[in-house]
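First comes the structure, then the notes that go with it.
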Amino acid sequence: MVIFVSTSFHANGLKLRPRLGRIRRSRILEQKDSNHGFETFFYNQTIDHFSYGPESYQTFPQRYVINSKFWGGGNSPILAFLGAEAPIDDNIQPSGFTYENAHQFKALIVILEHRYYGKSVPFGSRKAALKNARHRGYFNSAQALADYASILLHIKDKYNATHAPVIAIGASYGGELATWFRLKYPHVVIGSLASSAPILYYGDITPWTTYHSVDTSEECFQTIKKSWSEIDNIASKPDGLAILSKKFKTCTPLKNTTELKDGLDTVYSEAAQYDSPSNIPVKRICNAIENAPNCGDDILCKIAAGVVEAYLLEYDGNNSRCYINEDRTGDESDEGWEWQSCSEMVVPMGKDKNSMYQPEPWNLTKYIKDCKEQYGVSPRPSWVLTYYGGHDIKLILRRSTSNIIFSNGMRDPFSRGGVLENISDSIIALSTKHGSHCLDLDEAKKSDPDWLVQQRKTEVKIMQGWITQYYDDFKAINK
């Protein structure tokens, strides 16, 4: 099992919202050697789709991957997996929902990489793209959606598949993109599967406390809740940080308590977000805390035992040499998401006194101040709702679109910002009580519970219905 999410971090003093996360993989296959039918291409992409200044016409190579192993040719369907806040390398595998179900649709698989990530970086390098204020301005979701539309239309032309129905599939932020793609480009995609897409986590729609509400045992809850003040107590002693560094076996000596607290915050939030039925990380971490040997009444000894268990989960049972503050220098997903969070993806998140976390209320004024200090520009907290909508979602989507599946696992705290009720006959909410973040798009396993198997079958059936209706409409119009 691999963890690919950063739920709390500081960069140059700036603390931002969590990355939405990615599909988890139990292993990374060596697709470069075995190929499995994946072919990599680069599209000469326009830097700015929405203005007509001289710089707007500059281009950059944007990566996309195609697998035609199951494709029926002609106007057979296209399944387009929308890349999000990470390189697409982990998605280029013969596993996961898209690959495992492509044969049922005789579909062409297309995997699209988000601009400014992976090998799809404009202006020649990540430094040139992200350190230049003007260049950063082209790094946003609207440009990304226009990129995807351009590439898909190019592919349809290239493969002589002008009338092939396209279904967009996305996970987390990619699920948001899949939703918005259907809204903004209905002539390009006939439907979207949006897995764990928290499109209602913007503005004042969802309370800022909801992400950090975690379902644990009472003993585990209280132990974690008491630990924050205990950290402060020890840190106040002579050599307190050194004591904490030794107790938690940190990778480098702690510079302050914030470093430790953020690390623990990340451990708990990741466990909650990816609390899948096969790994049950919340239960396992809590069991480790509650049954820590030789700890007695030592709260932080118990917390440290929970951290060790979390890292055992992360590294497939292999014990880590150190914990909490690993070197994340150069993580392009953190770097890119920091900018996206400081521009348009402003999600109100905080912790109140009723959670097991140390209280830290949402403070938009401070958030804007920190972002402006970092980038020289202020975030636009209302832009997502202005550009894509969110308020009165049932009324608006019912009147404006169709063919969207919103899938959510209710163990995932991001589900509280998702669409959890059917909006129309074709805008469907599939929620699973014991599901976790993007679990439906992960690779199928023999150990998967029946409800997860059925969820995926339902998604396939709905998508098949979209495609059948598309072909019927096409025939009726072109008699």
For this session: State whether one or more residues within segment 145-164 are in contact with a Ser or Thr (Cβ under 9 Å, 6 or more places away or on another chain), closer than 30 Å to G435 by Cα and not small (G, A, S).
Result: no
For this session: Considering every residue within segment 348-361, establish whether at least one is open to solvent by less than 20 Å² (accessible area, probe 1.4 Å), touching a residue at least 24 places away in the same chain (Cβ under 8 Å) and not in a loop (DSSP other than H, G, I, E, B).
Result: yes
For this session: Would you confirm whether any residue within segment 62-85 is in a loop (DSSP other than H, G, I, E, B), among the aromatic types (F, W, Y) and crowded, with 22+ Cβ neighbours inside 10 Å?
Result: yes
Exercise. Could you say whether any residue in segment 378-387 is touching a His at 6+ places or on another chain (Cβ under 7 Å), buried (at least 16 other Cβ atoms within 10 Å of the Cβ), modelled with pLDDT of 95 or more and not aromatic (F, W, Y)?
Worked result: yes
Exercise. If you go through segment 88-118, how many residues are out of contact with any His (no Cβ under 9 Å at 6 or more places or on another chain) and either outside any helix (DSSP H, G or I) or open to solvent by less than 10 Å² (accessible area, probe 1.4 Å) (or both)?
Worked result: 17
Exercise. In this structure, does V384 turn out to be closer than 19 Å to W208 by Cβ and in contact with a Lys or Arg (Cβ under 6 Å, 6 or more places away or on another chain)?
Worked result: no
For this session: Being open to solvent by less than 70 Å² (accessible area, probe 1.4 Å), of a type outside the set (V, I, T) and in contact (Cβ under 8 Å) with a residue 60 or more places away in the chain narrows it down to one of E344, E373, so name that one.
Result: E344
Seminar exercise, completed: For L183, the lone unmet condition from (1) open to solvent by 10 Å² or more (accessible area, probe 1.4 Å); (2) out of contact with any strand residue (DSSP E or B) (no Cβ under 8 Å at 6 or more places or on another chain); (3) part of a loop (DSSP other than H, G, I, E, B); (4) touching a residue at least 24 places away in the same chain (Cβ under 8 Å) is (3)
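Matching residues to (1) open to solvent by less than 50 Å² (accessible area, probe 1.4 Å); (2) under 25 Å from Q104 (Cβ atoms); (3) part of a helix (DSSP H, G or I):
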site	(1), (2), (3)
S402	yes, yes, no
R411	no, no, no
I428	yes, yes, no
S431	no, yes, no
G435	yes, yes, no
E443	yes, yes, no
V453	no, yes, yes
G465	yes, yes, yes
K479	no, no, no
For this session: Quick one: which residue in C295, C220, C286 is over 31 Å from the mean Cα position of the chain (by Cα), open to solvent by less than 40 Å² (accessible area, probe 1.4 Å) and either over 28 Å from S196 (Cα atoms) or of a type outside the set (S, T, N, Q) (or both)?
Result: C295
Exercise. If you take the residues of segment 272-305 that are aliphatic (A, V, I, L, M) and in contact with a Cys (Cβ under 9 Å, 6 or more places away or on another chain), which of them is nearest to W451 (Cα to Cα)?
Worked result: V282
Problem set entry | Boolean, A142 is part of a helix (DSSP H, G or I), among the small types (G, A, S) and surrounded by fewer than 20 Cβ atoms within 10 Å (Cβ to Cβ) | yes
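The values are calculated or read from the model by the stated rules, or taken from the named source; none is laboratory data. A quick note: this is a predicted structure, and the numbers were derived from the prediction, not measured. Cβ coordinates were reconstructed from backbone atoms using ideal geometry, including for glycine residues, and neighbour counts include every protein chain displayed. Ligands, DNA and RNA are excluded from the accessible area calculation, which covers all protein heavy atoms including side chains. Shrake-Rupley method; radii C 1.70, N 1.55, O 1.52, S 1.80 Å.
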